[in-house]
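Here the structure is laid out as structure tokens; the discussion comes afterwards.
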Amino acid sequence: MAKLDFYGHATFGLTTEDDTRIIIDPFFAENPWTEVEVNKVEADFIFCTHGHFDHFADAIPLAKASGAKFVGSFELVEYVETQGVTDVHPMHIGGGWDFSFGRVKMVTAVHGGRVYGEGAEAYTTNPGGFVFDLGPGRRLYHAGDTGLTLDMKLLRDKVDIALLPIGDNFTMGLEDAVTAVEFIRPAIVIPCHYQTWPYIEQDPETFKTMVGDRATVEILEPGQSSYDF
Ligand code: NI
Ligand code: MN
């Protein structure tokens, strides 16, 4: 049994069957959805979809506090290395890697590539998403920040659980996220990247109604609900 924890915004914890602890897009200290302190988070791996503040701000503190391996695009990895993070794994769009817990593929996202952080001015990257293949029925897609893209059709029937941004303004909104569900055809959809700030206020219950019988929408409350799969 694998377990998914939602910390709010786009920050998820994924615990695999072999008890590997993965944090995706660590955003704790200034995340209004969570009280969790980054120093108390246990992690073996950190995956970052892109370098924006709300996905990357706590990546370096978490890597240093937990000793987790940092995984991201080549450019993000180059940057974290300048900040003293030594246990890293660079990837890039279209590539996959067999990690100890399963295969992860980095896939496209259409979004901005600036990297947040001290001395990061020289670093920019392609944002991405990740597909974690934890076995049959356990292929989990974290879309990162993205607009709707035809590339999502490449994920059709290759994803069981899709974590999709629905907040609009910076990423897909409700209507486009429903089209993404049509493109990908996951069994389960978990909405994220909404309600954190006024720019992205959206109602996940409305999204659930709009998705209808295309997929099961699981609305996770940060800090209380986790999803077992
Ligand atoms: Ni972003
Ligand atoms: Mn974002």
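The values are calculated or read from the model by the stated rules, or taken from the named source; none is laboratory data. Only a predicted model underlies this, so the values are computations on that prediction, with no experimental measurement involved. Ideal geometry is used to build each Cβ from the backbone, glycine not excepted, and the neighbour counts take in all protein chains shown. The protein model used for the area step is the full one, side chains on, heavy atoms only, and it has no ligands, DNA or RNA in it. Shrake-Rupley method; radii C 1.70, N 1.55, O 1.52, S 1.80 Å.
If you go through the range 72-93 and pick out every residue that is farther than 26 Å from residue 18 by Cα, under 16 Å from the mean Cα position of the chain (by Cα) and open to solvent by 30 Å² or more (accessible area, probe 1.4 Å), you end up with 1. If I filter the range 122-138 down to residues being within 13 Å of ligand 1 (Cβ to nearest atom) and crowded, with 19+ Cβ neighbours inside 10 Å, which single residue comes out as nearest to residue 163 (Cα to Cα)? My answer is 129. Regarding residue 42, is this residue within 21 Å of residue 72 (Cα to Cα) and of a type in the set (D, E, K, R)? Yes. When residue 8 is tested against the conditions (1) within 16 Å of ligand 2 (Cβ to nearest atom); (2) touching a helix residue (DSSP H, G or I) at 6+ places or on another chain (Cβ under 9 Å), the lone failure is (2).
Taken together, the criteria exclude residue 78 from residues that are in contact (Cβ under 8 Å) with a residue 40 or more places away in the chain, among the acidic types (Asp, Glu) and closer than 30 Å to residue 199 by Cα. Among the candidates 191, 186, 165, 198, single out the residue that is within 16 Å of ligand 2 (Cβ to nearest atom), out of contact with any helix residue (DSSP H, G or I) (no Cβ under 6 Å at 6 or more places or on another chain) and within 24 Å of residue 229 (Cβ to Cβ). Sole residue among the options that is within 16 Å of ligand 2 (Cβ to nearest atom), out of contact with any helix residue (DSSP H, G or I) (no Cβ under 6 Å at 6 or more places or on another chain) and within 24 Å of residue 229 (Cβ to Cβ): 165. Anything in the range 163-179 that is surrounded by 24 or more Cβ atoms within 10 Å (Cβ to Cβ) and within 13 Å of residue 109 (Cβ to Cβ)? List them, or say none. Answer for the range 163-179, where residues must be surrounded by 24 or more Cβ atoms within 10 Å (Cβ to Cβ) and within 13 Å of residue 109 (Cβ to Cβ): 163, 164, 165, 171, 172. For the range 136-162, which positions are away from ligand 2 (no atom under 16 Å from the Cβ), touching a strand residue (DSSP E or B) at 6+ places or on another chain (Cβ under 7 Å) and in contact (Cβ under 8 Å) with a residue 60 or more places away in the chain? Those that are away from ligand 2 (no atom under 16 Å from the Cβ), touching a strand residue (DSSP E or B) at 6+ places or on another chain (Cβ under 7 Å) and in contact (Cβ under 8 Å) with a residue 60 or more places away in the chain: 140, 160, 161. When residue 149 is tested against (1) crowded, with 24+ Cβ neighbours inside 10 Å; (2) hydroxyl-bearing (Ser, Thr, Tyr); (3) farther than 24 Å from residue 45 by Cβ, only condition (1) is not met.
Restricting attention to the range 101-153, the residues being in a strand (DSSP E or B) and of a type in the set (A, V, I, L, M) number 5. With the range 1-67 as the region, which strands (runs of 3 or more DSSP E) entirely inside it contain at least 1 residues that are over 21 Å from residue 82 (Cβ atoms)? Passing ranges, in order: 3-8, 11-15, 21-24. Determine, yes or no, whether residue 175 is away from ligand 2 (no atom under 16 Å from the Cβ), in contact with a Lys or Arg (Cβ under 9 Å, 6 or more places away or on another chain), at pLDDT 95 or above and not β-branched (Val, Ile, Thr). When the stated conditions are applied, residue 175 does not pass them. Residues of the range 205-215 that are at negative phi and touching a helix residue (DSSP H, G or I) at 6+ places or on another chain (Cβ under 9 Å): 206, 207, 210, 211, 214, 215.
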